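Each value in this text was obtained by applying a stated rule to the coordinates, not by laboratory testing. Keep in mind the model is a prediction, meaning the values are calculated, not measured. Cβ sites come from the backbone with ideal geometry, for glycine too, and all protein chains shown count toward neighbours.
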Amino acid sequence: MAKDIGSNFAKYTLCFFNFFFFLFGSITLALGLWMLFDKKSLVTLLRSVDEENVTRFTEPQLIEQSVYIFIGIGGLMFVLGFLGYCGAMRESQCLLSLYGVLIIVLLVLEIIIFSLALLYKEVARDEIQNFLTNTIPEYKSSAKENDAVTLMWNQLMAQMGCCGVNSYNDFDKSQYWMTNKVSRVVPEACCILSDKVLIKPQDLNCPYEPSESNSFYMKGCFDEILAYSETNKYLIIGVCGGLILTKLIAAFLAFCIC
């Protein structure tokens, strides 16, 4: 009797969570395939929405750079959700075993990445700095020109209150910025903002005459990322631990039903 109760609990718990996992994965995968095969109709639909927060993400270059991320993440969620839900509902040993093995593989990869990040902090810091340094030459000239790199940098600077890798001088490495900045000294995202999503400076003169009172032009994002990581290290460890624990429970429940 107790065994049946435990088995049913594992079955319906897996069904419940994997149904939503499967549903979200299906939507993400479908959106990615839509962007891949018919991005024009998607852009037309999104631009028909009279909302600046939506239409700013309809730049063709941004969609092209995002499509494979959507397909990859959506495809993985779709497969895991399908295996977990159908395997639990039908109590299929084959599907549940495959689901459990995939979960364990992801779990091992997460543990390896997390452990390496803790053991080789200096290497991780160097990789972050290299990533920032290598992407800033691709920065475009304004918040309206949304490719993936420009969007990433604008949101990083807006949310963390920083500018460039070490300071605003790093944008001199971007040929596009140097060609199209006109009379601006810093990008709008380096300013103190009234709207962090739409990148609107509180002081409209800030991009042309930045100072410590209206911008973060001398605060590098690399130092801010390190400071944020140090301040919130226990939160980060907790989130990573929660993800690992969730996968352990999912694999345990799957093998309990088998």
Relative exposure of T135, T150, T179, judged by other C-beta atoms within 10 Å (fewest first): T179, T135, T150
Karplus (6.51, -1.76, 1.60) ³J(HN,Hα), θ = phi - 60°, over segment 186-203, in Hz, Gly and Pro reported as x: 10, x, 4, 5, 7, 8, 5, 9, 8, 9, 6, 7, 8, 6, 10, x, 5, 9
Chymotrypsin sites (Phe, Trp or Tyr not before Pro) lying in DSSP loop within segment 87-153, provided at most 15 other Cβ fall within 10 Å: Y120
Environment charge at S211 (Cβ cut-off 13 Å; Lys +1, Arg +1, Asp -1, Glu -1): -2
Nonlocal amide H pairs with S215, under 5 Å, H built at 1.01 Å: I192
Residues whose placed amide H lies under 5 Å from that of Y208, excluding near-sequence neighbours: V185
Cross-link table K121/K181; K173/K247; K121/K247; K11/K233, entries beyond 31 Å C-alpha to C-alpha: K121/K181; K173/K247; K11/K233
Low-density loop positions, GluC sites (Glu not before Pro), segment 167-258 - DSSP coil, at most 15 other Cβ in 10 Å: E212
Ranking of Y217, Y208 by count of other Cβ atoms within 10 Å, fewest first: Y208, Y217
Amide H contacts of K200 (H built 1.01 Å from N, under 5 Å, at least 5 apart or other chain): S194, D195
Residues L198, L193, sorted so that the one with the fewest Cβ neighbours within 10 Å comes first: L198, L193
